[in-house]
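Asks: I am attaching a structure below and will ask some questions about it afterwards.
The values are calculated or read from the model by the stated rules, or taken from the named source; none is laboratory data. Worth saying up front: this structure is predicted, and the values here are computed from it rather than measured. With ideal geometry, Cβ positions are generated from the backbone for all residues, glycine too; neighbour counts draw on all protein chains shown. These accessible areas exclude ligands, DNA and RNA; they are computed on the full protein's heavy atoms, side chains included. Shrake-Rupley method; radii C 1.70, N 1.55, O 1.52, S 1.80 Å.
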Amino acid sequence: MNRVKLGMVGGGQGAFIGAVHRIASRIDDRFELVAGAFSSTPEKSKASAKELGVADDRAYGTYEEMAKAEAARDDGIDAVSIVTPNHMHAGPAIAFLEAGINVICDKPLTVNSEEAAKMKAAIEKSSAKFILTHNYTGYPLIRQARQMIANGDLGKIRLIQAEYAQDWMADVPDPDNKQAAWRTDPARSGGGGAIGDIGTHALNLATFVSGLSPEALLADLDSFVDGRQVDDNAHVLLRLSGGAKGMLWCSQVAVGSENSLTLRVYGETGGIEWAQENPNRMTFTKFGEPKQIITRGGAGLGGGAGDWTRIPPGHPEGYLEGFANVYTDAADLIQGKSDGALLPGIDAGMEGIWFIEACIESSKNGGTWVSR
């Protein structure tokens, strides 16, 4: 099988998410990292390239140089993975799309609706594909839940509860913590704190599984840590298509919570509950019947469940394997082997940007409803 030749923008020395993307891309042996503009300076980029086994002549000082050079090569990259802070998504994405190179971009899409519109225009003009890595959509049981809801197993959806709680920002972080530094800088994060970092994940999970879209929201944002310029906690009410209602809570100051991403969906005839910290189990209840426990890859699932899991039930799969499902689907899309129906793209990205800006607007106005 021919591997997708992958380049990377960002993700150099000490970058957590860049390493995660590289691992996810290699789990199913579908990608080969061959080029990159890994850091903010040519020297750092070349040092990172050496550590990663990338040839010196394909370690670039800027993404502009990389897009131009790789597009001109006979053996140039097929796709680029953009793993930079939010404010550095739009420029690289547009440059590579204009060069005809497929783009795999970390979420959220960018920092504001103006840049998002430019990215969308570039996608529409380009022959290249665009994938947004809302990686939690790759969990097998999340995809199973989506399939069950589409099949009508829960009946018409009434209620959705989505939560993403962490505690790592409960105090002023170490000044040397790069992950915290850009996330708490409005210029680099886009103005949203928890809502952009993890709130968009919770929203995307709810919409991906349910098939519903937000039509309006009311938000109450807080910055509990003194001096913090972005939100670190948010409570959000949602009005969803089809008349469903939702509640979303995201927090990075919930002491004792590590990565507590949970989803509960209730329809007229059934409900499901799933938690990311125990992702191989999901409960499903039909009204008036005993609760069922569904396991990843377990008996009786049918459909595509076997395509989303690699090892027998009872052997845990988790975050990296779910992320790998997104990358493997991206490889199939890039190589023309699938339509990428399960992959988040520009529509999910635009929805996330609307969510961030609407939350900020609603909260600033004292908690008013904001419609799309």
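Asks: Being closer than 18 Å to Gly12 by Cα and either among the polar types (S, T, N, Q) or open to solvent by less than 50 Å² (accessible area, probe 1.4 Å) (or both) is the filter here; which residues of segment 59-72 pass it?
Replies: Across segment 59-72, the qualifying residues are Ala59, Tyr60, Gly61, Thr62, Tyr63, Met66, Ala67.
Asks: Please find, within segment 248-266, the residue that is nearest to the chain's Cα centre (by Cα) out of those that are of a type in the set (A, V, I, L, M, F, W, C) and assigned to a strand (DSSP E or B).
Replies: Checking each candidate, the answer is Leu261.
Asks: Shifting gears a bit: For segment 267-309, which positions are in a loop (DSSP other than H, G, I, E, B) and either of a type in the set (S, T, N, Q) or in contact (Cβ under 8 Å) with a residue 24 or more places away in the chain (or both)?
Replies: Residues satisfying the conditions are Glu268, Thr269, Gln276, Asn278, Pro279, Asn280, Arg296, Gly297, Leu301, Gly303, Gly304, Thr309.
Asks: Among the residues of segment 130-149, what is the count of those that are open to solvent by less than 10 Å² (accessible area, probe 1.4 Å) and assigned to a strand (DSSP E or B)?
Replies: Adding up the residues that qualify gives 3.
Asks: Continuing with this model, one more query. Take residues that are over 23 Å from Thr269 (Cα atoms) and of a type outside the set (Phe, Trp, Tyr) and tell me which of the strands (runs of 3 or more DSSP E) falling wholly in segment 150-247 contain 3 or more.
Replies: Once the strands (runs of 3 or more DSSP E) in segment 150-247 are filtered for at least 3 residues that are over 23 Å from Thr269 (Cα atoms) and of a type outside the set (Phe, Trp, Tyr), what remains is 214-222, 233-240.
Asks: Could you give me the residue pairs with C-beta distances under 9 Å whose first residue belongs to segment 73-94 and is within 15 Å of Tyr60 (Cα to Cα) and open to solvent by less than 10 Å² (accessible area, probe 1.4 Å), whose second residue is in a loop (DSSP other than H, G, I, E, B) and hydroxyl-bearing (Ser, Thr, Tyr) wherever it lies, and which are 6+ apart or on separate chains?
Replies: Pro92/Thr84
Asks: Can I ask one more? Checking the conditions here, which among Glu32, Glu70 is over 25 Å from the mean Cα position of the chain (by Cα) and closer than 28 Å to Asp329 by Cβ?
Replies: The unique qualifying residue is Glu70.
Asks: Let me ask something else. Scanning for something open to solvent by less than 10 Å² (accessible area, probe 1.4 Å) and over 27 Å from Glu115 (Cβ atoms), does segment 3-19 turn up at least one residue?
Replies: no
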